[in-house]
1. Through the Karplus equation 6.51 cos²θ - 1.76 cosθ + 1.60, θ set to phi - 60°, convert the phi angles of the stretch 279-290 into ³J(HN,Hα) values in whole Hz; use x for Gly and Pro.
2. Taking every DSSP beta bridge with both residues inside the chain, roughly what % is antiparallel (nearest 5)?
3. Which order do Asp197, Asp189 fall in if you start with the one that has the fewest other Cβ atoms within 10 Å?
4. Once amide H atoms are placed 1.01 Å from N in the peptide plane, what residues at a sequence separation of 5 or more from Leu157, or on another chain, have their amide H within under 5 Å of its amide H?
5. Measure nothing but the geometry: give the 0 to 90° angle between the long axis through the Cα atoms of 14-27 and the longest principal axis through the Cα atoms of the chain, rounded to 10°.
6. Quickly estimate the mean residue ellipticity at 222 nm for the chain, helices only: each DSSP H run with n ≥ 4 gives -39500 (n - 2.57), and the total goes over all residues, rounded to 500.
7. In whole Hz, what ³J(HN,Hα) sequence does the stretch 78-94 give by Karplus (6.51, -1.76, 1.60; θ = phi - 60°), x for Gly and Pro?
8. Could you tell me the center-to-center distance, by alpha carbons, between the stretch 174-196 and the stretch 14-77 in angstrom?
Amino acid sequence: MTQSEVTYRPGMTIGEACLQASSLLAGVGIGEPRSNANLLLCHILGFTKAELLRDWHEPMPEPLFEQWAALIARKAAGEPVQYLIGEGWFYGRPFTVTPAVLIPRPETELLVEAVIEAADKLWPAADKGTVPSVVDVGTGSGAIAVTLSAERTSWRLFASDLSPEALAVASGNAARHEAAERITFVQGDLLLPFVPDGGGVEHQTDAASGLRIDVLVSNPPYIPAADIPSLQPEVRDYEPRLALVGGDDDGLEPYRRMSVQLPQLAQLPRIVGFELGIGQAQDVADLLRAIGHWDEIRIIADYGGIDRHVLAIRHAE
């Protein structure tokens, strides 16, 4: 029988509170229980990890214990720790996250790195006269757009999302990292806000309509609807369905729609970078090959060796 909740006792130290919570989380099958307990304790106490170690043997503040117990109960039920503390890290920066957006993943950092590397070759920093217009489709928390803007402050960034709640989070993250003036946020479905005249897109802006996009990057929904019940509970029960489901069939609906929309843009981007799901890389690469615009299309594996990104590059104007 596992312990059902953390309990306070007089004289309990911060370390004992952490270990008690770790044991409870492990007992209900939560992965990385000690790491989760540490993060939540740092959040409650306002500590860094170093300060947590420093004060490990100090008394646990009794006035904070009720709040601590509530957070551990939510974590034990499967709620992602990033939502509990309201923050996730991406590319070395903290990003505000809410249940309106996906939690940024480390593998997406590889997409950012690949886009920066490819774009730096096409638009060298020494050539001050030309900078790319970059669009992040399905921006969510804004992790990709804000990171690209922070890493390359001269680039012109646009970020779109169908969800106004996600755009509010992304806009806040842009302000948090002093990139708000360099990013234009647009509400809309995939590439429609950027198609000339928009085809009747309700939320299209003058700045987005007919934009000549140089770099397109997107981490769209790509999970087949039938696979949702088999996902980890942390994802299935808490992360936004709108940002997860890529259609009822094979999860490729957003890529198919964007492959149709791409030729409708004012110009085809010189770089397209997509993140995708397991087993989807060749199909997405084939969709881009069929357009016949890019002279290099390559597949990038993630840290686990899974083909996770497709990068298409047109080297010559």
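1. x, 9, 4, 5, 5, 5, 4, 5, 4, 6, 4, 5
2. Percent antiparallel among DSSP bridges in the chain is about 45.
3. Asp197, Asp189
4. Those qualifying (amide H under 5 Å, at least 5 residues apart or on another chain) are Val134, Thr184.
5. Roughly 70 degrees between the two axes.
6. Using -39500 (n - 2.57) per qualifying helix, the result is -10500 deg cm²/dmol.
7. Karplus values, whole Hz, x for Gly and Pro: x, 5, x, 4, 5, 6, 5, 9, x, 7, x, 9, 8, 6, x, 10, x.
8. For the stretch 174-196 versus the stretch 14-77, the Cα centre distance is 37 Å.
Bear in mind that the values in this text are calculations on the coordinates, not laboratory data. Everything numeric here is computed off the predicted structure, so don't read it as measured data. Please note: Cβ atoms are built from the backbone with ideal geometry, for glycine as well, and neighbour counts cover all protein chains shown.
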